[in-house]
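**Student:** This is the structure I want to talk about, given as structure tokens.
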Amino acid sequence: MKRLILLVGVAVLTLGLVACPTEYENGLAHIGDAPSLRVIWDNYFPMGNIIAATTFGWQAGHTADIGNPARERLLRRHFSLLTAENEMKPDQLQPTQGSFRWVNSDRIVNFANDSTHPMGLHGHVLVWHSQSPVWMAPAGNRAAAIANMRNHIRTVMLRYGTRVESWEVLNEVFASWVTGTPNAGNWRNFLRQPAANQTNWPVAIPLDTATGNCFIWYAFTIAREVADEIDTAAGRPVGTMVLYYNDYNEEATGKMNGIYFMVQEMNERFARENNGRRLIDAIGMQAHHHRGHVTGQDARPGWTRQSTAASVQTAIRRFASLGVYVSITELDITVGNTDVSVLTAAQERAQAIRYAELFRMFRNNAQYIRRVSIWGVNDNASWRHQGSPLLWDAQLRPKEAFWAVADPEAFLANPDNFARDRTIAQMRDAAVNIPASAWD
Ligand code: XIL
């Protein structure tokens, strides 16, 4: 019996070892090895993606990347910068007050800092209403909430120091759908009101009209203080660490203006009080887009989705006019409301065209863009898997969307050249802007 168990164990192990790499090899077999997105885009901006240290939550196909050779290899081949998908969120790092849990975030930091494959690392996220413990922001106890916020930000940022190059200080403070007209005087009317089971920073630390201080001001000024300490200790200029405000639906006019006026007010005040220094360095545009009709949680009666290349470009330029960096932080584009198993050729094409239009526009606006990060590798592991939103399919085969990102101009000129049945030689012939080194 013992021997049988051993035999089965060895067989399972062997299969497992073989199965991991072949998932990737087989996936690419019909087209050979796909060109590296990281190399293709290197002259314009770093290409980023997310990483998971563990299989997470409710997502059916969600998979840990670390320890999976195929996924590790894919991330390192195509991307130069990582964001932890979940492992650096407040509920993961400090589930109960004062006891921090570093094991998974440490694994991600170590992966990014691996000496043979160093990658950039963006910290996500310090202050948020979601995936954060409710105790952090006790209603009616402003002092305790500020102390909790300070302790969390300080402890997390100081643990990783310069191994994290930028931080999402604050995420999603505006309502999902801003239908009014925010301006410099009224933008606070459009802030999100967190639900009862969420972390309610705006209620715990409301605007103090005497000082102008509010939870947004505290989050950024605390993070700024710690960032300066990290920069100084590392002997590099203060301001090297980049601090982000991050949000979604940011290309819709109302939301765009809410973000614009918030950042403008925070930065103007900080500059007045600190010899012209900037408080918020960068605006992160999540870019969770849709292509075509949507249903379910993303449907809004009467709402016209505006995430075209033109509307995203308008937002990029408007934000950049504040003198901040702009990054695309969580790009994915769902198509319809289907699932990986039923993505039609027409849907795949429509989605790829949108990716191509966006990346062509990113190239033309590269002077404003600090990085472009995609939120996931393959459709079935995506948090929006019902919409098959990513560049690789469930078998890790590059979709048309992959080729659209690899060479948007050539793709738009003739998408059929990049159809799934094409060989790698045909893809090479069809490509116009892919440098030779990217195919290595
Ligand atoms: C998502 C993760 O991808 C999921 O695994 C998790 O269940 C929920 O959060 N905006 C953000 C990200 O800033 O942190 C979210 O990530 C997606 C929306």
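The values are calculated or read from the model by the stated rules, or taken from the named source; none is laboratory data. All of these numbers come straight from a predicted model, not from anything done at the bench. For neighbour counting, all protein chains shown are included, and Cβ atoms are generated from backbone atoms with ideal geometry for every residue, glycine included. Keep in mind that these areas ignore ligands, DNA and RNA; they rest on the heavy atoms of the full protein, side chains included. Shrake-Rupley method; radii C 1.70, N 1.55, O 1.52, S 1.80 Å.
**Student:** Does Arg278 satisfy being more than 16 Å from the ligand (Cβ to nearest atom), open to solvent by 30 Å² or more (accessible area, probe 1.4 Å), touching a Phe, Trp or Tyr at 6+ places or on another chain (Cβ under 8 Å) and not aromatic (Phe, Trp, Tyr)? Talk me through it step by step, then tell me what you get.
**Tutor:** Values: more than 16 Å from the ligand (Cβ to nearest atom): yes; open to solvent by 30 Å² or more (accessible area, probe 1.4 Å): yes; touching a Phe, Trp or Tyr at 6+ places or on another chain (Cβ under 8 Å): yes; not aromatic (Phe, Trp, Tyr): yes.
Criteria met by Arg278.
**Student:** Moving on to the next point. Being among the hydroxyl-bearing types (Ser, Thr, Tyr) and open to solvent by 50 Å² or more (accessible area, probe 1.4 Å) is the filter here; which residues of the range 134-165 pass it? Reasoning before the result, please.
**Tutor:** To start, the set of residues in the range 134-165 that are among the hydroxyl-bearing types (Ser, Thr, Tyr) comprises 155, 160, 162.
Residue satisfying the conditions is Thr162 alone.
**Student:** While we're here: Before we move on, is Arg428 assigned to a loop (DSSP other than H, G, I, E, B), surrounded by fewer than 21 Cβ atoms within 10 Å (Cβ to Cβ), of a type in the set (Lys, Arg) and away from the ligand (no atom under 16 Å from the Cβ)? Lay out the reasoning, then the answer.
**Tutor:** On the way: assigned to a loop (DSSP other than H, G, I, E, B): no; surrounded by fewer than 21 Cβ atoms within 10 Å (Cβ to Cβ): yes; of a type in the set (Lys, Arg): yes; away from the ligand (no atom under 16 Å from the Cβ): yes.
Against the criterion (assigned to a loop (DSSP other than H, G, I, E, B), surrounded by fewer than 21 Cβ atoms within 10 Å (Cβ to Cβ), of a type in the set (Lys, Arg) and away from the ligand (no atom under 16 Å from the Cβ)), Arg428 does not qualify.
**Student:** Next up: Return yes or no: is Ser176 touching a strand residue (DSSP E or B) at 6+ places or on another chain (Cβ under 7 Å), hydroxyl-bearing (Ser, Thr, Tyr) and closer than 24 Å to Thr83 by Cβ?
**Tutor:** Against the criterion (touching a strand residue (DSSP E or B) at 6+ places or on another chain (Cβ under 7 Å), hydroxyl-bearing (Ser, Thr, Tyr) and closer than 24 Å to Thr83 by Cβ), Ser176 does not qualify.
**Student:** Also: Could you list all residues from the range 198-241 that are among the small types (Gly, Ala, Ser) and under 25 Å from the mean Cα position of the chain (by Cα)?
**Tutor:** Residues of the range 198-241 among the small types (Gly, Ala, Ser): 204, 210, 212, 219, 223, 227, 233-235, 239.
If the condition is that a residue be among the small types (Gly, Ala, Ser) and under 25 Å from the mean Cα position of the chain (by Cα), then Ala219, Ala223, Ala227, Gly239 are the ones that fit.
**Student:** Select, from Trp201, Trp177, Trp187, the only residue that is within 16 Å of the ligand (Cβ to nearest atom), in contact (Cβ under 8 Å) with a residue 24 or more places away in the chain and closer than 19 Å to Glu250 by Cα. Walk me through how you get there before you give the answer.
**Tutor:** Working: Trp201 fails: closer than 19 Å to Glu250 by Cα; Trp187 fails: within 16 Å of the ligand (Cβ to nearest atom).
Residue meeting the stated conditions: Trp177.
**Student:** Looking at this structure, is Leu15 at pLDDT below 50 and surrounded by 17 or more Cβ atoms within 10 Å (Cβ to Cβ)?
**Tutor:** Values: at pLDDT below 50: yes; surrounded by 17 or more Cβ atoms within 10 Å (Cβ to Cβ): no.
No, not satisfied.
**Student:** Can we say Leu396 is at negative phi and either outside any helix (DSSP H, G or I) or away from the ligand (no atom under 12 Å from the Cβ) (or both)?
**Tutor:** Details: at negative phi: no; either outside any helix (DSSP H, G or I) or away from the ligand (no atom under 12 Å from the Cβ) (or both): yes.
No, not satisfied.
**Student:** In the range 359-376, what residues are open to solvent by less than 10 Å² (accessible area, probe 1.4 Å), within 16 Å of the ligand (Cβ to nearest atom) and either assigned to a helix (DSSP H, G or I) or among the hydrophobic types (A, V, I, L, M, F, W, C) (or both)?
**Tutor:** Val372, Ile374
**Student:** Continuing with the same structure: Among the numbered conditions (1) in a helix (DSSP H, G or I); (2) touching a Phe, Trp or Tyr at 6+ places or on another chain (Cβ under 6 Å); (3) buried (at least 23 other Cβ atoms within 10 Å of the Cβ), tell me where Ala227 comes up short.
**Tutor:** For Ala227, the failing item is (2).
**Student:** Restricting the first residue to the range 331-352 and requiring it to be over 17 Å from Ala309 (Cβ atoms), which pairs with a second residue that is modelled with pLDDT of 85 or more and of a type in the set (Asp, Glu) meet a Cβ separation below 7 Å and a spacing of at least six or different chains?
**Tutor:** Within 7 Å, the pairs are Val340/Asp379; Val340/Asp393; Glu348/Glu400.
**Student:** Scan the range 165-174 for residues that are more than 25 Å from Thr253 (Cα to Cα) and in contact with a Phe, Trp or Tyr (Cβ under 7 Å, 6 or more places away or on another chain) and jot them down.
**Tutor:** From the range 165-174, those more than 25 Å from Thr253 (Cα to Cα) are 165-167; that's our starting set.
Within the range 165-174, Ser166, Trp167 meet the criteria.
**Student:** Inside the range 156-173, can you point out the residues that are more than 16 Å from the ligand (Cβ to nearest atom) and touching a strand residue (DSSP E or B) at 6+ places or on another chain (Cβ under 9 Å)?
**Tutor:** From the range 156-173, those more than 16 Å from the ligand (Cβ to nearest atom) are 157-163, 165; that's our starting set.
Within the range 156-173, Met157, Tyr160, Arg163, Glu165 meet the criteria.
**Student:** List pairs: first in the range 156-172 and within 21 Å of Ala287 (Cβ to Cβ), second assigned to a helix (DSSP H, G or I) and within 16 Å of the ligand (Cβ to nearest atom), Cβ under 8 Å, 6+ apart or cross-chain?
**Tutor:** From the range 156-172, the pairs are Val169/Ala219; Leu170/Ala219.
**Student:** Turning to a different aspect of this structure: Within the range 230-255, work out how many residues are within 12 Å of the ligand (Cβ to nearest atom) and assigned to a loop (DSSP other than H, G, I, E, B).
**Tutor:** Residues in the range 230-255 being within 12 Å of the ligand (Cβ to nearest atom) and assigned to a loop (DSSP other than H, G, I, E, B): 3 in total.
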